[in-house]
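In what follows, a single structure is set out as structure tokens and then discussed.
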Amino acid sequence: MERPIGVFDSGVGGLTVALELMRQLPKEELIYVGDTLRCPYGSRPEEEVKQFAFELVQFLLKKNVKMIVVACNTATAFALEDLKKQLDIPIIGVIQPGARAAIKNTKNERIGIIGTEGTVRSEAYPKALKQINQHLHVTSLACPKFVPMVEKGITDGPEARQVVEESLVPLKKQSNIDTLVLGCTHYPLLQNVIQDVMGEHVKIISSGEETARETSAILEMKNLLYTGTRKPKHSFYTTGDLEVFQRISKTIFKHAIDDLGNLTIEKVTL
């Protein structure tokens, strides 16, 4: 089927999921919208996040997408189940795929979760993990400084290192986790710094890879995969600062697609 896959996030973080979709589904076209104007979602009330998610979904539906990926952990936690009831196309989030990946990798059944205040408050990850294995020991930590920093394009260097070190002190002191789930799609943009701070003995889990794998499986099961020979053209939209969004997008995707001319980036008002 020639229709595109829709992806939305609160900002630039979901680009890490889009990257995995490009890698695993190289024939598929993506339409991505990042709500950078109203980012971050993690500190907002649940009903407000639901409203924003509904608006982003409506934007994507107008683009005639065949499936939607909620590339935002907070929106997944607060809005996914309601959206499933309203839509007649497949829609998935990033929490269940991330939880499954963590369980595959842990050796001592001690898993850490870092995320936004909203995602941690929802307890969506502990619930998803313990539905699969009730014996897991799960430690969650909100890292509210990460998203604003990433949205400014600060993903490495002394400032990023200091913020990550200070934020992760409680997690390092209180647990002996061997697996850490990046429970926000912005966090993979800080993955190298997070890995360095936590140490090589901790396996870092980004849900993007598993989410892309699940997207592929759903499209195949529902006979929605594109099987033609076109070269995909991806359309990306931001509600906020176009220049910052362009810079981060092109940094992420420069090694993923041969011709950046096949990736358009525009500002949009919802």
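The values are calculated or read from the model by the stated rules, or taken from the named source; none is laboratory data. No experiment lies behind these values; they were computed from the predicted model shown. Here Cβ is always computed from backbone atoms with ideal geometry, including for glycine, and neighbour counts include all displayed protein chains.
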The residue from 152, 84, 130, 173 that alone is within 22 Å of residue 31 (Cα to Cα) and basic (Lys, Arg) is 84
It is to be established whether one or more residues within the stretch 48-57 are in the same structural domain as residue 252 (by TED's automatic domain parsing) and not in a helix (DSSP H, G or I). no
Pair list, Cβ under 6 Å, 6 or more apart: the stretch 36-63 residue over 10 Å from residue 75 (Cβ atoms), other residue loosely packed, with under 15 Cβ neighbours inside 10 Å: 55/270; 59/270
Report every pair of residues separated by at least 6 positions or lying on different chains whose Cβ atoms are under 8 Å apart, first residue within the stretch 144-173 and over 26 Å from residue 240 (Cα atoms), second aromatic (Phe, Trp, Tyr) and in a helix (DSSP H, G or I). 167/146
Exactly one condition in (1) out of contact with any Cys (no Cβ under 9 Å at 6 or more places or on another chain); (2) charged (D, E, K, R); (3) buried (at least 16 other Cβ atoms within 10 Å of the Cβ) is not met by residue 151; state its number. (1)
With respect to residue 40, determine if the residue is of a type outside the set (D, E, K, R), farther than 14 Å from residue 185 by Cα and in the same structural domain as residue 215 (by TED's automatic domain parsing). no
Would you check which residues across the stretch 154-168 are at pLDDT 95 or above and either surrounded by fewer than 21 Cβ atoms within 10 Å (Cβ to Cβ) or small (Gly, Ala, Ser) (or both) and list them? 157, 158, 159, 160, 161, 162, 163, 165, 166, 167, 168
Looking at the stretch 248-255, is at least one residue closer than 29 Å to residue 143 by Cα and aromatic (Phe, Trp, Tyr)? yes
Considering the stretch 89-109 alone, what residues qualify as being over 28 Å from residue 225 (Cα atoms) and out of contact with any Ser or Thr (no Cβ under 7 Å at 6 or more places or on another chain)? 103, 107, 108, 109
Which residues, counting only those in the stretch 82-129, are farther than 24 Å from residue 218 by Cα and either in contact with a Gly (Cβ under 7 Å, 6 or more places away or on another chain) or of a type in the set (D, E, K, R) (or both)? 107, 109, 110, 113, 114, 115, 116, 117, 118, 119, 121, 123
Quick check, is residue 81 outside the structural domain of residue 13 (by TED's automatic domain parsing), more than 14 Å from the chain's Cα centre (by Cα) and either surrounded by fewer than 22 Cβ atoms within 10 Å (Cβ to Cβ) or modelled with pLDDT of 95 or more (or both)? no
Is it true that some residue in the stretch 3-22 is surrounded by fewer than 24 Cβ atoms within 10 Å (Cβ to Cβ) and either in a loop (DSSP other than H, G, I, E, B) or free of Cβ contacts under 8 Å to residues at least 12 places away in the same chain (or both)? yes
Filter the stretch 236-270 for residues that are in a helix (DSSP H, G or I), closer than 16 Å to residue 150 by Cα and either touching a Lys or Arg at 6+ places or on another chain (Cβ under 9 Å) or at pLDDT 90 or above (or both) and give the result. 242, 243, 244, 245
Mind listing whichever residues of the stretch 26-52 are closer than 28 Å to residue 221 by Cα and modelled with pLDDT under 95? 26, 27
Out of the residues in the stretch 178-221 that are under 12 Å from the mean Cα position of the chain (by Cα) and among the β-branched types (Val, Ile, Thr), which is modelled with the lowest pLDDT? 185
